[in-house]
1. Expected output is a single nm value to one decimal: the length gained when fully extending between C:VAL188 and C:LEU248, i.e. 0.36 nm times separation in residues minus the C-alpha distance. What is it?
2. Find the relative contact order for segment A:1-154 and round it to a whole percent, using C-alpha pairs within less than 8 Å whose residues are 6+ positions apart.
3. Cut-off is 10 Å between beta-carbons; in what order do C:ARG300, C:ARG135, C:ARG207 appear when sorted fewest neighbours first?
4. Would you please give the residues with an amide H less than 5 Å from that of A:ASP21, counting only those at least 5 places away or on a separate chain, with H modeled from the backbone geometry?
5. With a cut-off of 8 Å between alpha carbons and a minimum separation of six or more residues, what is the relative contact order of segment C:35-302 in percent?
6. How large is the charge dipole for segment C:35-302, taken about the Cα centre, if only the Cβ atoms of Lys, Arg (+1) and Asp, Glu (-1) carry charge, to the nearest 20 debye?
7. For A:SER250, what residues show an amide H to amide H distance below 5 Å, using hydrogens built from the backbone and excluding near sequence neighbours?
8. With contacts defined as alpha carbon pairs under 8 Å and 6 or more residues apart, what's the relative contact order of chain A in percent?
Amino acid sequence: MSTLELVGVSRWYGDVVAVNDVTMTVGPGVTGLLGPNGAGKSTLISMMGGFLPPSSGSVTLDGVPVWRNTEVYRSIGLVPETEAMYDMVTGWEFVLANARLHGLANPVAAARAAVDQVDMMDARNRDISGYSKGMKQRIKMATALVHNPTVLLLDEPFNGMDPRQRLHLMELLQSLAAQGRTVLFSSHILEEVEQLAGTIEVVVAGRHAASGDFRRIRKLMTQRPHQYTIRSSDNRALAAAMIADGSADSVDVSSGALAVQASDFGRFVRALPKLACDGDVRLLEVTPADESLESVFSYLVAR
Amino acid sequence: MNVTVMQLTARNLLGRRRAMFLVILLLLLLGLAMLTRWASDASPNASSVLANGFALGTVLPLMGLLVATGVIGAEIDDGSIVYMLAKPLRRREILFSKLAVGFAAVFIFAVLPTMAAVVIAGDEGGQLMLAYGVSAVLAAIAYTAIFVTLGIVTRNAVVFGLLYALLWETVLGGYVPGIRAVSVRQWALSVAERMLGSQANGWAVTSEVGMTTGLVMLGLVTVAAVYLGVRRLRTLTLNSIE
Amino acid sequence: MADNKAAPDAAATPEQSQGVIHDIGFRHYDGPRLGRGWIVRSLLAETFRGVFGFGRPARAKIMPWILVGILLAPPLIFALIAVLLSLDALPMSYTAYLPGMQFVVSLFVASRAPYCVSRDLRHGVMPLYLSRPIRRNDYVLAKFAGLALAMFAVLAAAETLLFVGALLAKLPLGAQITGYLQGLVVAVLLSLVLAAIGLVIAAVTPRRGLGVAAIITVLVVLSGFAAIVAVLLTRAGSASLGNYLGSLDPYALVDGIAVSWFGVDSAFGRQADLGLAGGVAYAVGATAIVAGGIALLMRRCKKVGIA
């Protein structure tokens, strides 16, 4: 069990601020680092991986500073974004070399386990230069897993993967997290983060815009209108009750279901069952229409 | 030293087209040596001019540069060095391993061919070969250290290295006498000059500096380069932002 | 993402399943489209600018401008010497200046040629260019012309500075104008030949660092090799052959053309008079390098697929 802790971390290049006063704690489980391109995700991961000193603030792993401390790599596995590897070797040789660089007691067994874990046993003896993007990505995963790290940092790991490989990697990350490891990955694709991450950290323009469970974050932003799709035994009666009560701002009854917009989330959630009960209306379906990460995210970005 | 680092480095260095360049350079030098022998009847003097001007002056620094880009420059350029750095290895260990591979390559592709070229072009009892061999080894150590460190410090390592090796040592050195004393080649030559003793002048093996100065300067420059290299490698920042 | 919400009964929420394209203000472009000529010209201009680092971060400007600075400094010194010592000619002739600065010129080509082509080839950008109305050969010609023009701009600037210096030193005008024009011809020839060699080597070494090293290695080793061969052959009594083989060095080749066309002294101190045959042979050699280089580049770009 390892915890990465960032306190007041900023990083600037000349007069460009890439990361601005970020404080976050990344603990066991899967954490998604989410943000649009150029938001500072890679800079953050570089700092967490000890490849970039923060201009101010501190990055520590279980209380030990990460920068200029090569010992932390015993517990950190890093999957860099860069495509480049040592092209002249086969996937197997490369993972094995990484195991040896870690000074493991039994590098061959460790490499075999890692290659097996990413499902690359069949293609392990081919030159890396001949791999597809997804295969390269999996070999990179294997090099990061070879020493059984407690912390796994992945920079845009799903880039270039086909849906099947994507699913496989998601399962792998989830099983790693279930073993109590700290897994952090960056992405600008909401679908991945939504499916995978228990916790998200949102960075926008170098600032830490939000963190936590994304549904909870969504609730925190009460000033934003929430939309629901409701089907019930008597749509019109329910609509009238909601408007009369004032818990919904607007209700659209024109289609087969109710499209409801409410600006006070808490009040609406409490009022709805009461209104339905009082009016003797059976609720068949209540679906948040915009509770996807996409809408949370586009809201944060547009702010 | 780390065997795995050395293996990966060596494969990277000798892979692709770089190895071809190294071999072509080597063959050119040997070809010229044969031509020199034919044109000047194996005179040690002509042999010495070839070894001094072409082998030590051009081939050795170029080889040093080509090797240095292969040993570390290319890896930093494309970011693959991250796999070596993200390991519980001392950065010193990584650099020393890479320097060892680099020196071995320069030794095989430049120092040995220089000695062979002297033998082919004309020698007298192996004296010239030995003198140039020792000089070339010393110069190779210094060049490897300087250029590998340069490769860590700047991405324009090749151009800066060439500016130094060719413009400074060869062109400027030709016009401004003071500059010639600040030159790896002259320092290395001082040893050959001493080894050949009274014959040095006749064979055109002359250095701007004495042997003590030469050796001290070579040692200083090499140690300084290695020290700086380790320091910079320790704080090497990597970021995928290009 | 929408599918897991619309799941149980899609018909119930028709407004979600019917696709709508919102008008957010995009407009169609109905105006005239610029054609092939314009693309080639833009590519050429972009290459030219890129060689000097224009339109790129300051970091990319350091190298080219250091080299340009080194190349342009000596003419100022020469002018000063001519004034101070009241000479009646520049300390170095117009045709000899560029071959004399060959290391710097070589470094300039070596550091800039890879910039022109290797990134396009390495990152597979070629298909993007070719998805415009442009042909492969247009691309090659535009890149070649861009680099050659940039080279010429630098070399001609050096010659011009020499000329200006000579005028300021009040040297005899007639001789200076002739010399200046001859110098410009040398600059043209050198730019063409070096651009061709540089681009070909850069195109086969897609890694930038290696490309730089490879070009400089080829140029420097060719010079060194050719110089030694020339000296050895001359010493062995076959000066003409020495001169011809000496022209393996592109600078000596251009120098040979200047010697036989203009009757100036060789910058390399080559003595043998090759006469008309030499002038023709050198010109053919230079043409062959440029034409061969472009042909090789076209072949190299033909193999570039989507990969």
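1. 19.8 nm
2. Worked out over segment A:1-154, it gives 24 percent.
3. Neighbour counts put them in this order, fewest first: C:ARG135, C:ARG300, C:ARG207.
4. A:SER10, A:ARG11
5. It rounds to 24 percent for segment C:35-302.
6. For segment C:35-302, the charge dipole is close to 1480 debye.
7. A:GLN261
8. Relative CO of chain A lands at 20 percent.
A short reminder: the numbers here are calculations on the coordinates, not readings from a lab. These numbers were taken from a predicted model, which means no experiment stands behind them. Methodologically, a virtual Cβ is constructed for each residue, glycine included, from the backbone with ideal geometry; neighbour enumeration extends over all protein chains shown.
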